Amino acid sequence: MYHLLLYEVVDDYVERRQAFREEHLGLAREAEARGELVLAGAYADPPDGAALVFRADESAVRDFVARDPYVREGLVKKWTIRQWTVVVGGQ
């Protein structure tokens, strides 16, 4: 089962994220090593959000959000979890 985690970030996200970036990336790498996180990255232009693709149940995604310093420190102003039906790829 796939889930999308979509982040909407604050206007000064790029400037503020540096202090929390290593912790955030460490959390992402741990989720990837467990086989939960498939892809992740920030939007390029404008950098107003991010998308993370999980191949895991929703509880794993919620755990990620609860531990993410970007959420905890207020860089993420809104987040959404969506179940995603993959019809091509992902095998």
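For residue 32 and residue 11, compute 0.36 nm times the residue count separating them, minus their Cα-Cα distance, and round to one decimal in nm.
Gain on extension, residue 32 to residue 11, equals 4.8 nm.
Its Cα gyration tensor gives the chain an equivalent ellipsoid, and the semi-axes of that ellipsoid, as √(5λ) in whole Å with the largest first, are 22, 14, 12. Each peptide in 41-49, 54-62, 21-29, 82-90 gets a packing score, the mean of other Cβ atoms within 10 Å over its residues, and the list from highest to lowest is 54-62, 21-29, 41-49, 82-90. Think of segment 2-84 as having a plus end and a minus end, set by charges on the Cβ of Lys, Arg, Asp and Glu; of 80, 39, 56, 56 sits farthest toward the positive end of this dipole.
The relative contact order of the chain comes to 49 percent, based on Cα pairs under 8 Å that sit 6 or more residues apart. Shown is the FRET efficiency for residue 87 and residue 48, computed with R0 = 30 Å from the Cβ-Cβ distance and rounded to the nearest 0.05: 0.60. Summing Cβ point charges (Lys, Arg +1; Asp, Glu -1) relative to the Cα centre of the chain gives a dipole of roughly 200 debye.
Per residue of the chain, what 222 nm ellipticity follows from adding -39500 (n - 2.57) for every DSSP H run with n ≥ 4, rounded to the nearest 500?
Taking each H run of at least 4 residues, the total per residue is -9000 deg cm²/dmol.
Read-outs throughout are calculated quantities, based only on the coordinates presented, and are distinct from any laboratory measurement. Since the model is a prediction, treat every value here as computed from it, not as a measurement. Please note: Cβ atoms are built from the backbone with ideal geometry, for glycine as well, and neighbour counts cover all protein chains shown.
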